Amino acid sequence: MSEQAQRSGEGAAPDEGAGVDLGNGPVPSDVPTRQLADGPDGRGTRTRRGRSVGLGRSLGLIIALLLICVVGGLTAGDRFLDIDNVLTIVRGAAVIGVVSIGMTFVITAGGIDLSVGSVLGLASVWATTLATQAMAEDVHWIVMVFTGVAVGTAAGVVNGIVVSYGKVVSFIATFAMLIAARGLAEIISGRGTQLVTDNDFATFFSGVLLGIPTIVWIFLVVAAIGWVVLNRTTFGRRTVAVGGNPEAARLAGINIRRHTVYVFALSGFTAGLAAVMMLGRTGAGSSTNGTLYELDAIAAVVVGGTLLIGGRGTIVGTVIGVLIFQTLTNVFVLNNLSTSVQALVQGAIIVIAVLLQQRFVGRARST
């Protein structure tokens, strides 16, 4: 969450007056209401031009994805087009995609969450302890799902409280959680691998429904819910407002501190859910699960078009961004390119995306 948002604290009760309604009633007449709608995703700026820009950006991402697929087909041939290889890409995209959906909300609100990879590892280890699996065997494997999601959400709540009420910048707070969660996961697992022993759990999450892997269905459902929440609910409008102009959001009556906790809790929830999906895919919980996922998620979100400075987020862009990186990685692997080359190209893509964002912001401010 931005430092400006933390300084703003809780919002004051709004007075009567006309203006933008963010769920707390009308905005006071002296509030610069135009600032509340900074960014094309604000309800007050749903102009034809804004929609055209969004569609053009998504179309550009789709073209980029198709070009990568063409390169993969030309360089790897049937190995790239094989159905098993395509399923490998979408399975990988499903896990990191769920993490990226939560990250989209945090970045849109003006923050950053560096802890999602470690929280994923901690949740996977906690869900595969002997005690948890014994309880799941006696009750139902849904206990393992609940445990993983609960641990992730709890870590997100801690992040949110430290950022909002402790007034610690989100970069530092979540970096501390990154270290602590990974350390706790190593203590619990003894740096070993904990196998999933519940066959019903493994069967469900590694299964296929209508020809599509179960975890991909979960990703699609999470993405659809994320799109509705960000674009069609008061919570989404408040997230955009807090990231776009926290002072104006505070004057509009938004409790910024509480909303910050909600946003980070959502990020922790998606990290915990991704941990459960990874367990279903690999069948093992380890403290190393989710290593560097925070960087992959941030890269996908930024390339997808969400502003790194907050105030604008796009779930559709994030989904396409995840597919771009997963497909690109797959093409590199099939062509036996080193991980160093992969990192170099990935870094170059991120830099280009950020430069394009700065150009976009500069144009928006000049108009």
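If you add up the charges near residue 129, with Lys and Arg at +1 and Asp and Glu at -1, over every other residue whose beta carbon is less than 13 angstrom from its beta carbon, what do you get? Present the calculation step by step, with values, prior to reporting the outcome.
On the way: positive: none; negative: 137, 198.
Combined, the nearby Lys, Arg, Asp and Glu give -2.
Among 272-282, 75-85, 300-310, how do they line up from the highest to the lowest mean number of other beta-carbon atoms within 10 Å?
Values: 272-282: 27.4, 75-85: 13.1, 300-310: 25.0.
So the peptides 272-282, 75-85, 300-310, ranked by packing, come out 272-282, 300-310, 75-85.
Around residue 207, what is the net charge, scoring Lys/Arg as +1 and Asp/Glu as -1 over all other residues with Cβ under 15 Å from its Cβ? Could the numbers behind the result be given before it?
Values: positive: 91, 281; negative: 198, 200.
Its environment carries a net charge of 0.
Please give the net charge around residue 268, taking every other residue with its beta carbon less than 14 angstrom from that of residue 268, where Lys and Arg add +1 and Asp and Glu add -1.
Details: positive: none; negative: 113, 294.
Local charge sum for residue 268: -2.
Express in whole angstrom the spacing between the alpha-carbon centres of the stretch 186-254 and the stretch 103-182.
Going from one Cα centre to the other spans 12 Å.
Go through 121-129, 201-209 and give me the packing order, highest mean Cβ count within 10 Å leading.
On the way: 121-129: 28.2, 201-209: 16.0.
Result, highest mean first: 121-129, 201-209.
Where a number appears in this text, it was derived from the coordinates with a stated rule and is not lab data. Quick caveat: nothing in here was measured; it's all calculated off a predicted structure. Don't worry about glycine lacking a Cβ; one is built from the backbone with ideal geometry, like all the others, and counts go over all protein chains shown.
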